[in-house]
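Note sheet for the following structure.
The values are calculated or read from the model by the stated rules, or taken from the named source; none is laboratory data. Here the structure is a predicted model, which is why all the values come from computation and not from measurement. Cβ placement follows ideal geometry from the backbone for every residue including glycine, while neighbour counts extend to all protein chains displayed.
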Amino acid sequence: MGSFDFDSLTEVELRARKTVKWNWYKPDVLPLWVAEMDFPTAPAVMDAIREAVQTENFGYPAFGDPELGQVTAEWCASRYGWSVNPGFIHDVPDVLDGLRLGIEEFTVPGSPVILPTPAYPPFYDVIRLSGRQAIEIPLVEVDGVSTLDFQRIDEAFSAGAGSIILCNPHNPAGRAFTQQELTTLSTIVERHGKRVLADEIHAPLVFGRKHIPYASVSAAAAQHTITLTAASKAWNLAGLKCAQIILTNEEDEKTWSELSLVQTMGASTIGIAASIAAYRHGGPWLDEAMAYLEGNRALLKERLERDLPGARLIFPEATYMAWIDFSGLHLPQAPYNHFLDAAHVALKEGAEFGPGYEGFARINFATTRKILVQALDAMVQAVPATTA
């Protein structure tokens, strides 16, 4: 048995947290939609937050404080084998803010942005708010594995796209892209002289192997990449507002240094303290959380194969979200609506991830085993045996 208990929180305690996950829907709905974990916070992170509160550390974060950059670089080196300059790591409020800055300040003005789909829904908003057009390119299946459509990406760059948002690991498809896939993309991007905006917020959540940062695959990739990451998904800290932008060349660092504080500030003091603690001391907790999540992932796969064989699970290599094609069940309405109405289980609606995914839904399995079983039981009961 491990040192941390991931089964301890009850539904009553989770609803008392007052977070969006547990309070958006009616009390009779089990929420498995938004990317929040239903686990107790890592003790090392809680200690850092308590210390920040006890010392009344509520003012603006110190400008130029190197500690967050240093511990982020140490995490990247120890966990991914990726050497980055701590001085080129900067805090931003969240990954979406960093992506918007990346588009607006580091790509050709007005150039379209390639968006592989299914895509994390807020990416559409970031592109729109940056005054850009999204070029949607669906993932393709090769030997049963979802991957990037390199030919269409190449064609989109030829047609004038200036950048691509690469979600690595991928949300919602759960892909942890391989060295070969990332190198192939790097070759295409470099040939066209374009940019990659790499959202690597799920990097700590890869099952069974190391995450491969896109910017690490070649010197060329380091020159054309803006990387965004955070401790928020792996340690459940989204509300504390702290992410990191990692720059990997001198020119981008110079561009960053010329931005105004109004553009870059906004990370919270407590969020920075919590992130430092997560990267520096949160590894053992995360390792046990990943083992628990691996058990939940196996349970989800087993139940779908046994009880809902018409549903096709895109087996996640990373993240605690699973992308499921429910079209084989021939439900009377979209999966999101059906399971909300008939099972009182809230999933994330497939249509939000792009056109063509109306028969899909995303499920968050970062919850207690008891709640996951309860939700799956309700979903199975909501599907007639003749269609399951």
Subset of region 138-152 that is part of a helix (DSSP H, G or I) and out of contact with any strand residue (DSSP E or B) (no Cβ under 8 Å at 6 or more places or on another chain) - its residue that is nearest to T319 (Cα to Cα): F150
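May I ask you to verify whether V84 is within 22 Å of the chain's Cα centre (by Cα), in the same structural domain as S158 (by TED's automatic domain parsing) and touching a residue at least 40 places away in the same chain (Cβ under 8 Å)? Write out each step before concluding.
Numbers: within 22 Å of the chain's Cα centre (by Cα): yes; in the same structural domain as S158 (by TED's automatic domain parsing): yes; touching a residue at least 40 places away in the same chain (Cβ under 8 Å): yes.
So V84 passes the test.
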Selection within region 101-142 - more than 27 Å from D91 (Cβ to Cβ) and touching an Asp or Glu at 6+ places or on another chain (Cβ under 6 Å): T117, I137, V140
Hits in region 306-334 (condition: in contact with a helix residue (DSSP H, G or I) (Cβ under 7 Å, 6 or more places away or on another chain) and on the phi > 0 side of the Ramachandran plot): T319
Any hit, region 74-89, residues being within 20 Å of N236 (Cα to Cα) and either buried (at least 22 other Cβ atoms within 10 Å of the Cβ) or touching a helix residue (DSSP H, G or I) at 6+ places or on another chain (Cβ under 6 Å) (or both): yes
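Per-residue answers, yes or no, for (1) out of contact with any helix residue (DSSP H, G or I) (no Cβ under 6 Å at 6 or more places or on another chain); (2) more than 27 Å from E74 (Cβ to Cβ); (3) of a type in the set (G, A, S):
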residue	(1), (2), (3)
G102	yes, no, yes
Y124	yes, yes, no
D143	yes, yes, no
F150	no, yes, no
S163	yes, yes, yes
A176	yes, no, yes
L205	no, no, no
P213	no, no, no
S216	yes, no, yes
Residues that are in contact with a strand residue (DSSP E or B) (Cβ under 8 Å, 6 or more places away or on another chain) and of a type in the set (V, I, T), drawn from region 339-388: V345, I363, I371
In region 215-230, residue surrounded by the fewest Cβ atoms within 10 Å (Cβ to Cβ) [restricted to those that are part of a loop (DSSP other than H, G, I, E, B) and free of Cβ contacts under 8 Å to residues at least 60 places away in the same chain]: S218
Sole residue being in a helix (DSSP H, G or I) and among the aliphatic types (A, V, I, L, M), chosen from L197, L182: L182
Residue count for region 361-377, restricted to those that are surrounded by 16 or more Cβ atoms within 10 Å (Cβ to Cβ) and over 18 Å from the mean Cα position of the chain (by Cα): 5
Matching entry among I188, I212 (being assigned to a loop (DSSP other than H, G, I, E, B) and of a type outside the set (D, E)): I212
Output for region 101-129, where each listed residue is surrounded by 19 or more Cβ atoms within 10 Å (Cβ to Cβ) and assigned to a helix (DSSP H, G or I): L101, G102, I103, F106, F123, V126, I127
Among (1) over 25 Å from A291 (Cα atoms); (2) part of a helix (DSSP H, G or I); (3) more than 22 Å from the chain's Cα centre (by Cα), the one test that P332 misses: (2)
Within region 338-360, tally of residues that are closer than 14 Å to L32 by Cβ and not in a helix (DSSP H, G or I): 6
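Go through region 153-178 and count every residue that is within 23 Å of W323 (Cα to Cα) and either assigned by TED's automatic domain parsing to the domain that holds Y357 or not in a strand (DSSP E or B) (or both). Spell out how you get there, then give the answer.
Residues of region 153-178 that are within 23 Å of W323 (Cα to Cα), as a first pass: 153, 164-178.
Restricting the remaining residues to those that are either assigned by TED's automatic domain parsing to the domain that holds Y357 or not in a strand (DSSP E or B) (or both) gives 153, 168-178.
Residues flagged as within 23 Å of W323 (Cα to Cα) and either assigned by TED's automatic domain parsing to the domain that holds Y357 or not in a strand (DSSP E or B) (or both) within region 153-178 amount to 12.
Inspect region 41-64 for any residue being closer than 25 Å to K348 by Cα and not aliphatic (A, V, I, L, M) and give the result as yes or no.
Yes, region 41-64 contains at least one residue that is closer than 25 Å to K348 by Cα and not aliphatic (A, V, I, L, M).
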